[in-house]
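Chemist: This structure is in structure tokens; I'll ask about it shortly.
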Amino acid sequence: MKLSIERSALLKAVGQAQSVVERRNTIPILANVLIEAEGDQASFRATDLDIEVVDEAPAKVERAGATTVNAVTLHEIVRKLPDGSLVTLTDDGASGRMTVEAGRSNFSLATLPREDFPVMATSEYEANFVCSAPVLRRLFDKSKFAISTEETRYYLNGVYMHIADANGGQVLRCVATDGHRLARIDADMPAGAEGLPGVIVPRKTVGELRKLLDDDDAEIAVSVSETKIRFAAPGITLTSKVIDGTFPDYTRVIPSGNTRRLEVDAAEFAKAVDRVATVSSERSRAVKLSLDEDRLVLSVNAPDSGAAEEELAVAYGDDALEIGFNAKYLLEIASQVDRENAVFLFNSSGDPTLMREGNDETAVYVVMPMRV
Amino acid sequence: MPALCRDCLKTFDAGKRCPECGRPRVISHPELFDLSIAHMDCDAFYASVEKRDDPSLRDKPVIIGGGRRGVVSTACYIARIRGVRSAMPMFQALKLCPDAVVVKGRMSAYVEASRQIRAMMDDLTPVIEPLSLDEAFLDLKGTARLHHAPPAVMLARLVKRMEDELGLTGSIGLSHNKFLAKVASDLDKPKGFSIIGKAETASFLKDRPVRLIWGVGGQTQAALDKAGIRTFGDLLRWEKVDLVARFGGMGERLWHLARGEDRRRVSAHAPVKSISNETTFGEDTSDVDILDGHIWRLAENVADRAKAKNKAGRVVTLKLKRSNHSALTRRVSLGDPTQIADRIYRTARGLFDQVSDEGPFRLLGVGISHLSPASTADVEGDLLDPGASLRAGAERASDSIRARFGPDAIVKGRALR
């Protein structure tokens with residue numbers, strides 16, 4: 001194999017590959033990226049057995065072929081090469097080495113045979129549809145903060161993507177929760193998504209997917225089966241197993257009868273929460289919200305370290321209410337609001353609270369109060 | 001040289017026998033009346049309580065432990081002569097000492113005896129740090145004027161009272177810090193009274209192995225071995241910075257201990273780091289229902305103790321031991337700390353369900369750690385488990401019923417499995 005490729009194209013491809021490989025793994029080949037050269041392009045494939053990413057880049061192929069080298073090492077080398085350089089990768093197949101040449105730099109890397117590289121089996125997908133990058137970005141960006149890290153509830157360690165009924169029609173919906181807060185984000189139903197089986201997209205996949213979604217104009221082809229999900233952007237394909245588990249029935253968690261309505265400027269609210277929470281050194285810092293007639297008082301009382309209070313002018317016209325929340329959760333949901341005011345709907349100090357942006361029902365957050 | 005008769009408690013100036021009663025149990029040491037930090041360790045405590053309560057056991061080797069299985073928790077001195085040690089698997093102990101009488105522990109009797117000893121120690125000083133039922137540190141600094149006697153005399157009186165009134169013996173280590181006091185109490189067991197004075201500290205430690213240090217177990221020992229450190233003398237050759245570089249925080253402690261320095265105070269309120277409980281089964285089991293019952297009972301016991309201590313834990317640990325004695329532990333962090341048995345049980349059960357090994361198991365343990373005050377516990381509800389707060393409320397209600405009408409007034413059906 002011998003190919004020449006632009007440094008920036010190589011850096012992007014290898015960067016994507018090295019972030020998929022597990023840092024600590026016992027199977028040497030899994031630390032490697034599979035490089036295949038044919039026609040006028042090179043492909044770079046990496047996997048951790050759950051996720052596979054394939055990046056294709058135009059290259060000048062002098063001799064077709066394939067080999068595997070350590071992804072992290074190759075990435076480090078390419079990262080340190082001067083911008084704009086042309087990189088030549090050569091593997092003679094016999095020496096067990098691949099050379100990397102750029103300008104006056106010359107590297108020789110140990111290879112492992114391409115036959116040993118595990119390629120994810122292709123499967124039949126039950127739903128294929130196309131979604132624009134900004135739509136997917138919104139679905140996952142606004143839900144991923146609520147993904148659970150608790151391994152005993154592994155079925156919460158991802159974003160549940162499925163088709164749901166809303167307002168008399170169907171929507172493409174992403175839900176994530178860790179039992180303390182929940183995010184439910186809807187998008188218009190894309191053509192072809194009708195047969196979509198509900199799948200739980202793992203946390204790591206959500207992180208990797210994000211790198212495919214930076215280009216606002218990109219159209220992403222999404223394919224879903226019971227066991228796998230594939231995202232194909234121009235030049236790059238991400239395939240992932242989905243979490244084998246049943247996502248809990250979240251619909252009963254979302255309160256529908258909450259009537260006490262608070263409307264507040266989300267940015268001002270977040271800043272105030274952040275300020276008062278400073279005095280508490282506890283791991284889960286509780287902030288108390290005291291509401292009464294267009295007045296919101298945020299307070300923190302940490303017996304060991306101090307107390308803080310801040311008053312905000314808000315729109316609130318219901319009965320007085322005192323309710324406590326974990327400051328971190330409040331900050332996270334408030335930071336999801338970027339256009340309009342945040343609207344909170346409360347029931348009592350012990351019941352889940354709902355938050356949304358203005359009257360936008362396509363992004364809804366639920367947060368469990370704390371005893372204060 | 002100041003001297004003290006351990007039988008009649010008379011103090012005098014040197015001599016091999018007591019001038020008053022003529023008995024030979026005399027302790028003499030240049031610093032005898034200057035030292036005030038002591039470690040009291042009962043001699044084969046559980047076994048001694050059993051022998052006291054059942055005189056027919058007096059001349060027999062007695063082992064306390066869970067039936068034929070499990071491990072030796074205490075062996076009497078007769079059994080120890082045959083090589084039986086605590087923490088030894090029972091089958092091995094019985095191989096060494098086939099005629100041993102194995103007694104299943106009577107924890108309530110030990111707790112009672114411990115309480116009586118504690119009351120006697122309370123007469124000596126308010127600064128007592130119990131390490132377990134049968135051992136404690138005591139700091140008697142400044143008590144001489146109150147008692148009209150130096151600490152050494154009061155300690156000799158304590159063990160004499162324990163023997164006369166409770167029929168239990170103990171060994172005393174007296175020194176100028178906790179580390180050395182603990183080392184000393186072990187020097188002359190049983191019924192020992194050993195002193196390590198300031199002047200002799202360096203020469204005493206020099207050739208002793210570093211494993212004397214409380215907390216130096218297998219791993220630290222191996223790391224020390226690798227560095228060529230076996231004795232305190234070896235440690236003295238190391239610079240402090242090098243020890244810290246190699247052993248971290250432990251390195252600094254080692255440097256000081258090598259010089260016989262230990263600045264830890266005897267503290268009546270030593271911080272508790274974890275609360276746990278485990279049980280060894282009568283026979284190995286892989287029956288999920290039986291194991292589940294154990295998980296519940298252990299979780300409830302842990303929760304009871306956490307509630308009594310006003311503590312809550314953020315990490316729940318499940319421990320399992322297979323038939324071949326290999327152990328397996330699983331732990332998980334909760335969002336907020338808990339002291340609710342129901343939550344500890346459900347979390348431990350979740351961990352259990354993730355264990356791919358199907359058993360059989362011989363032991364099961366449940367514990368909580370990363371403790372914090374109870375006021376921060378169980379404050380966050382669970383969206384996906386709306387029943388959790390109801391169950392927590394029911395548990396608090398049962399707690400108050402049990403506080404009023406006794407521990408068996410109300411139990412969960414699960415506990416009967």
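Chemist: Considering (1) more than 25 Å from the chain's Cα centre (by Cα); (2) crowded, with 17+ Cβ neighbours inside 10 Å, say which one B:LYS95 fails and leave the rest.
Modeler: (2)
Chemist: More than 9 Å from every other protein chain (Cβ to nearest Cβ), closer than 30 Å to B:MET90 by Cβ and crowded, with 17+ Cβ neighbours inside 10 Å - does that describe any residue in segment B:371-380?
Modeler: No, the conditions are met nowhere in segment B:371-380.
Chemist: Same structure again: Every residue in segment A:161-199 that is in a strand (DSSP E or B), more than 16 Å from A:THR362 (Cβ to Cβ) and within 14 Å of chain B (Cβ to nearest Cβ), please. Outline the logic, then answer.
Modeler: Of all residues in segment A:161-199, those in a strand (DSSP E or B) come to A:161-166, A:169-177, A:181-188, A:199.
From what's left, more than 16 Å from A:THR362 (Cβ to Cβ): A:177, A:181, A:199.
Matches in segment A:161-199: A:THR177, A:ARG181.
Chemist: Scan segment A:77-100 and report the pairs whose first residue is part of a loop (DSSP other than H, G, I, E, B) and whose second residue is of a type outside the set (Lys, Arg), with Cβ atoms within less than 6 Å and a gap of 6+ or a chain change.
Modeler: From residues that are part of a loop (DSSP other than H, G, I, E, B), the pairs are A:LEU81/A:ALA102; A:SER85/A:ALA102; A:SER85/A:GLY103; A:GLY96/A:THR111.
Chemist: Mind listing whichever residues of segment A:313-337 are more than 14 Å from chain B (Cβ to nearest Cβ), surrounded by fewer than 19 Cβ atoms within 10 Å (Cβ to Cβ) and without any contact (Cβ under 8 Å) to a residue 60 or more places away in the chain?
Modeler: Result: A:ALA313, A:ALA315, A:GLY317, A:ASP318, A:ASP319, A:ALA320, A:GLU322.
Chemist: I would also like to ask the following. Based on this model, can you work out whether B:SER389 counts as surrounded by fewer than 20 Cβ atoms within 10 Å (Cβ to Cβ) and assigned to a helix (DSSP H, G or I)? If you could, list the steps in order and put the result at the bottom.
Modeler: Details: surrounded by fewer than 20 Cβ atoms within 10 Å (Cβ to Cβ): yes; assigned to a helix (DSSP H, G or I): yes.
Yes.
Chemist: If you don't mind, another one. Out of curiosity, is B:GLU358 more than 9 Å from chain A (Cβ to nearest Cβ) and at pLDDT 90 or above?
Modeler: Values: more than 9 Å from chain A (Cβ to nearest Cβ): yes; at pLDDT 90 or above: no.
Spelling it out, it is not the case that B:GLU358 is more than 9 Å from chain A (Cβ to nearest Cβ) and at pLDDT 90 or above.
Chemist: Just wondering, is there one or more residues in segment A:26-33 that are loosely packed, with under 15 Cβ neighbours inside 10 Å and of a type in the set (Ser, Thr, Tyr)?
Modeler: yes
Chemist: Taking the stated definitions as given, is A:SER349 under 28 Å from B:LEU384 (Cα atoms) and either more than 13 Å from chain B (Cβ to nearest Cβ) or of a type in the set (Phe, Trp, Tyr) (or both)?
Modeler: Answer is no for this residue.
Chemist: Another one. If you take the residues in segment B:253-281 that are touching a Lys or Arg at 6+ places or on another chain (Cβ under 7 Å) and touching a residue at least 60 places away in the same chain (Cβ under 8 Å), which one is farthest from B:SER369 (Cα to Cα)?
Modeler: Step by step, filter segment B:253-281, then rank; the result is B:ASP262.
Chemist: Shifting gears a bit: Residues that are on the phi < 0 side of the Ramachandran plot, within 18 Å of the chain's Cα centre (by Cα) and not charged (D, E, K, R): which helices (runs of 4 or more DSSP H) entirely in segment B:209-278 hold 2 or more of them?
Modeler: none
Chemist: Related question: Quick check on B:LYS60: is it assigned by TED's automatic domain parsing to the domain that holds B:ASP164, modelled with pLDDT of 90 or more, surrounded by fewer than 21 Cβ atoms within 10 Å (Cβ to Cβ) and outside any strand (DSSP E or B)? Spell out the reasoning first.
Modeler: Working: assigned by TED's automatic domain parsing to the domain that holds B:ASP164: yes; modelled with pLDDT of 90 or more: yes; surrounded by fewer than 21 Cβ atoms within 10 Å (Cβ to Cβ): yes; outside any strand (DSSP E or B): yes.
Spelling it out, B:LYS60 is indeed assigned by TED's automatic domain parsing to the domain that holds B:ASP164, modelled with pLDDT of 90 or more, surrounded by fewer than 21 Cβ atoms within 10 Å (Cβ to Cβ) and outside any strand (DSSP E or B).
Chemist: Just to check your reading of the model, which residue among B:LYS104, B:LYS95 is of a type outside the set (Gly, Ala, Ser), out of contact with any His (no Cβ under 6 Å at 6 or more places or on another chain) and farther than 17 Å from B:ALA47 by Cα? Before you say what the answer is, go through the steps one by one.
Modeler: Details: B:LYS104 fails: farther than 17 Å from B:ALA47 by Cα.
Answer to the selection: B:LYS95.
The values are calculated or read from the model by the stated rules, or taken from the named source; none is laboratory data. As the structure is a prediction and not an experimental result, all values here were calculated from the model. Heads up, the Cβs are rebuilt from the backbone with ideal geometry, glycines too, and the neighbour counts pull from every protein chain shown.
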